[in-house]
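Below: one structure, written as structure tokens.
The values are calculated or read from the model by the stated rules, or taken from the named source; none is laboratory data. Given the structure is predicted, the values throughout are model-derived calculations rather than measurements. With ideal geometry, Cβ positions are generated from the backbone for all residues, glycine too; neighbour counts draw on all protein chains shown.
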């Protein structure tokens with residue numbers, strides 16, 4: 001999240017022009033995020049209207065509505081929580097957060113984890129106090145409060161650092177976090193600048209933003225999501241590409257478009273951080289977020305990021321290899337009309353002619369199919385299936 005708009009395509013162009021290989025050094029805290037982090041973040045819906053009350057109520061709801069059981073365990077405050085520093089330079093929360101440690105304790109009492117936000121610059125995106133020249137001090141404060149996750153947003157850092165200094169800036173905060181001896185997921189938020197996927201893990205990142213900000217529109221979501229293709233080699237257990245938070249349930253996309261959003265993020269092994277108002281969530285939204293078959297694709301322990309196998313204009317075929325040898329396959333229709341789409345088993349690496357197919361959104365086994373599977377895919381929609389090669393002796 002930031003105030004200065006940049007061309008989204010530049011970051012992706014860099015990898016095509018320059019080339020490169022995946023970062024060889026794993027995140028030092030890889031055990032913190034063996035699968036993509038899941039939880040909820042305040043920004044997409046509440047922005048600067050976030051408060052202690054909002055966070056407590058969100059934690060309560062995550063437990064009550066089954067999201068915690070589905071894997072959503074991080075409750076993250078984004079921007080706008082900061083107050084001023086005291087005489088010793090220690091950051092204080094503002095009046096909306098009277099006792100940050102008590103709030104963290106409350107979140108922890110629900111069996112959840114607590115996240116917070118800062119910037120390496122003098123100010124955050126919303127103009128609140130950043131961590132510039134207070135990195136060690138802030139990390140120590142976060143540890144004392146009981147923070148489990150830090151989102152570190154570049155924002156005003158561009159006013160005090162050169163792009164070439166970016167890696168060192170993030171490495172500095174990671175060292176400060178490590179010095180506290182409290183495990184904290186480290187989320188790099190710098191919009192894909194400097195081809196972060198190449199070096200994010202080497203500076204201690206558990207996840208890094210690969211794009212500028214998402215918004216609750218199909219056009220914006222689809223540009224961000226489908227442009228992730230090719231970044232898979234840079235991600236894996238402990239260090240993930242982050243195409244930004246979920247907009248599911250915020251009201252400006254259709255049901256089919258939200259299914260596309262969730263399906264694509266899960267194929268991408270993206271962090272799943274819901275960003276809606278949990279207190280006003282419809283059953284349909286909850287069903288999207290909590291679908292265990294779909295979430296399992298994102299959380300698959302193999303940790304591979306899916307990729308595009310084929311594109312024909314607005315019709316795209318994506319595949320993710322899963323730990324049990326099966327494939328998660330997304331048939332995405334980006335056109336303005338419903339269309340029949342097909343996947344051949346050969347193109348997804350199925351050796352035999354027969355494979356079993358499961359509809360992941362319907363949570364229904366469709367049975368064995370020979371050579372291929374086809375389905376009607378709605379406008380801006382998706383059919384998400386799991387394909388597994390049939391065992392010897394299975395009926396055609």
Within region 197-231, of all residues that are crowded, with 24+ Cβ neighbours inside 10 Å and part of a helix (DSSP H, G or I), the one farthest from the chain's Cα centre (by Cα) is 203
Checking the condition farther than 27 Å from residue 160 by Cβ, out of contact with any helix residue (DSSP H, G or I) (no Cβ under 7 Å at 6 or more places or on another chain) and modelled with pLDDT of 95 or more, which residue from 87, 70, 102 passes?
102
Any residue at all in region 48-64 that's in contact with a strand residue (DSSP E or B) (Cβ under 7 Å, 6 or more places away or on another chain), within 28 Å of residue 156 (Cβ to Cβ) and part of a loop (DSSP other than H, G, I, E, B)?
no
Select from region 153-163 the residues that are surrounded by fewer than 20 Cβ atoms within 10 Å (Cβ to Cβ) and in contact (Cβ under 8 Å) with a residue 24 or more places away in the chain and list them in ascending order.
158, 159, 160, 161, 163
From the set of residues in region 254-281 that are closer than 17 Å to residue 226 by Cα and free of Cβ contacts under 8 Å to residues at least 40 places away in the same chain, which is nearest to the chain's Cα centre (by Cα)?
262
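Is it the case, given these coordinates, that residue 300 is in contact (Cβ under 8 Å) with a residue 60 or more places away in the chain and within 18 Å of the chain's Cα centre (by Cα)?
Details: in contact (Cβ under 8 Å) with a residue 60 or more places away in the chain: yes; within 18 Å of the chain's Cα centre (by Cα): yes.
Considered against the rule, which asks whether it is in contact (Cβ under 8 Å) with a residue 60 or more places away in the chain and within 18 Å of the chain's Cα centre (by Cα), residue 300 comes out as yes.
Which of the residues that make up region 323-370 are touching a residue at least 60 places away in the same chain (Cβ under 8 Å) and touching a helix residue (DSSP H, G or I) at 6+ places or on another chain (Cβ under 7 Å)? So that I can check it myself, show each step before the final result.
Let us first name the residues in region 323-370 that are touching a residue at least 60 places away in the same chain (Cβ under 8 Å), namely 324-328, 330, 332, 334, 358, 360-361, 363.
Correct list: 327, 328, 330, 332, 334, 360, 361, 363.
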Would you point out which residue out of 352, 381, 367 is at positive phi and outside the structural domain of residue 233 (by TED's automatic domain parsing)?
367
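The rows are residues; the columns are (1) in contact with a helix residue (DSSP H, G or I) (Cβ under 7 Å, 6 or more places away or on another chain); (2) farther than 17 Å from residue 39 by Cβ.
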position	(1), (2)
207	no, no
237	yes, yes
246	yes, no
256	no, yes
282	no, yes
286	no, no
290	yes, no
298	yes, no
Given (1) touching a helix residue (DSSP H, G or I) at 6+ places or on another chain (Cβ under 9 Å); (2) farther than 17 Å from residue 260 by Cβ; (3) assigned to a loop (DSSP other than H, G, I, E, B), index of the condition residue 379 fails:
(2)
Looking only at region 244-253, which residues are surrounded by fewer than 19 Cβ atoms within 10 Å (Cβ to Cβ) and either closer than 19 Å to residue 65 by Cα or free of Cβ contacts under 8 Å to residues at least 12 places away in the same chain (or both)?
250
Filtering strands (runs of 3 or more DSSP E) wholly in region 79-152 for at least 2 residues that are crowded, with 17+ Cβ neighbours inside 10 Å and either without any contact (Cβ under 8 Å) to a residue 24 or more places away in the chain or on the phi < 0 side of the Ramachandran plot (or both) gives 91-93, 113-118
